[in-house]
Amino acid sequence: MKNFDQTLTQAYDLFSQKDFSHALEKISEAEEKMISGYKSEEKDNYTKGIVSIENFRGFVYLGLNETDKAKNCFEKSLMLNPNSSQACAGLGEILFLNHQDEEAKLMFEWAIDINPLNHFAVAGLTKINKQLGLQKN
């Protein structure tokens, strides 16, 4: 799994540099390494890994403004783990971008209910509340 971790770290570095297309390549490479190292007795860890990869891939697609691909990633993540705060936050951002503010608000709230420390979701909810005129001064 060391190679997997190193490759995923490279993908995060590329993402932080906004080199999204190369980050996607590294994500796919990391996913292949994870799949090739899969052992049936580690099914829970494997599912968690796939959920994390799909969420990360979704945020990279958001960086590329490919919202349909991002949405597919977040939906796949939620199907595998209905308690994925990151997937909820990602879908909230897509709904926000599509001017579906009420629906986005619900997704960000759901993400925060699952994980109150999800900073992306907290920022998204703040943004939506401001947009809806619900922000307290």
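Which of the residues spanning the range 1-51 are polar (S, T, N, Q) and surrounded by fewer than 18 Cβ atoms within 10 Å (Cβ to Cβ)? Step through it out loud before you land on a result.
First pass over the range 1-51, keeping only residues polar (S, T, N, Q): 3, 6-7, 9-10, 16-17, 21, 28, 36, 40, 45, 47.
Answer for the range 1-51, where residues must be polar (S, T, N, Q) and surrounded by fewer than 18 Cβ atoms within 10 Å (Cβ to Cβ): ASN3, GLN6, THR9, GLN10, SER16, GLN17, SER21, SER28, SER36, SER40, ASN45, THR47.
Going by the structure shown, is ASN55 open to solvent by 70 Å² or more (accessible area, probe 1.4 Å) and of a type outside the set (Lys, Arg)? Outline the logic, then answer.
Details: open to solvent by 70 Å² or more (accessible area, probe 1.4 Å): no; of a type outside the set (Lys, Arg): yes.
Answer is no for this residue.
Spot the failing condition for LYS39; the list is (1) in contact with a Phe, Trp or Tyr (Cβ under 9 Å, 6 or more places away or on another chain); (2) at pLDDT 95 or above, and only one is missed.
(2)
Would the range 102-112 turn up any residue that is closer than 30 Å to LYS2 by Cα and either open to solvent by 40 Å² or more (accessible area, probe 1.4 Å) or at pLDDT below 95 (or both)?
no
Tell me, yes or no, whether the range 45-62 has at least one residue that is over 19 Å from ASN118 (Cα atoms) and among the basic types (Lys, Arg).
No, every residue in the range 45-62 fails to be over 19 Å from ASN118 (Cα atoms) and among the basic types (Lys, Arg).
Within the range 113-137, take every residue that is more than 12 Å from the chain's Cα centre (by Cα) and among the hydrophobic types (A, V, I, L, M, F, W, C) and give me the one that is least open to solvent (accessible area, probe 1.4 Å).
For the range 113-137, the residue satisfying everything is ILE128.
Could we say that CYS88 is over 24 Å from GLN10 (Cα atoms), open to solvent by less than 40 Å² (accessible area, probe 1.4 Å) and of a type outside the set (Phe, Trp, Tyr) here?
Yes, satisfied.
For the range 7-37, enumerate the residues that are outside any helix (DSSP H, G or I), of a type outside the set (Asp, Glu) and free of Cβ contacts under 8 Å to residues at least 12 places away in the same chain.
Just the residues of the range 7-37 that are outside any helix (DSSP H, G or I), to begin with: 17-19, 37.
When the remaining residues are screened for being of a type outside the set (Asp, Glu), the result is 17-18, 37.
Correct list: GLN17 only.
Could you list all residues from the range 73-107 that are over 15 Å from the mean Cα position of the chain (by Cα) and either free of Cβ contacts under 8 Å to residues at least 24 places away in the same chain or not in a helix (DSSP H, G or I) (or both)?
ASN98, HIS99, GLN100, GLU103, LEU106
Yes/no matrix, rows are residues, columns are (1) farther than 17 Å from TRP110 by Cβ; (2) not β-branched (Val, Ile, Thr):
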residue	(1), (2)
SER52	yes, yes
VAL60	yes, no
THR67	yes, no
GLU75	no, yes
LEU80	no, yes
ASN83	no, yes
GLN86	no, yes
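In the range 1-60, what count of residues is obtained for those that are touching a helix residue (DSSP H, G or I) at 6+ places or on another chain (Cβ under 6 Å) and of a type in the set (D, E, K, R)?
Residues meeting the conditions: 6.
The values are calculated or read from the model by the stated rules, or taken from the named source; none is laboratory data. Please read all numbers here as calculations on a predicted model, not as lab measurements. Ideal geometry is used to build each Cβ from the backbone, glycine not excepted, and the neighbour counts take in all protein chains shown. Note: areas computed on protein heavy atoms with side chains; ligands, DNA, RNA excluded. Shrake-Rupley method; radii C 1.70, N 1.55, O 1.52, S 1.80 Å.
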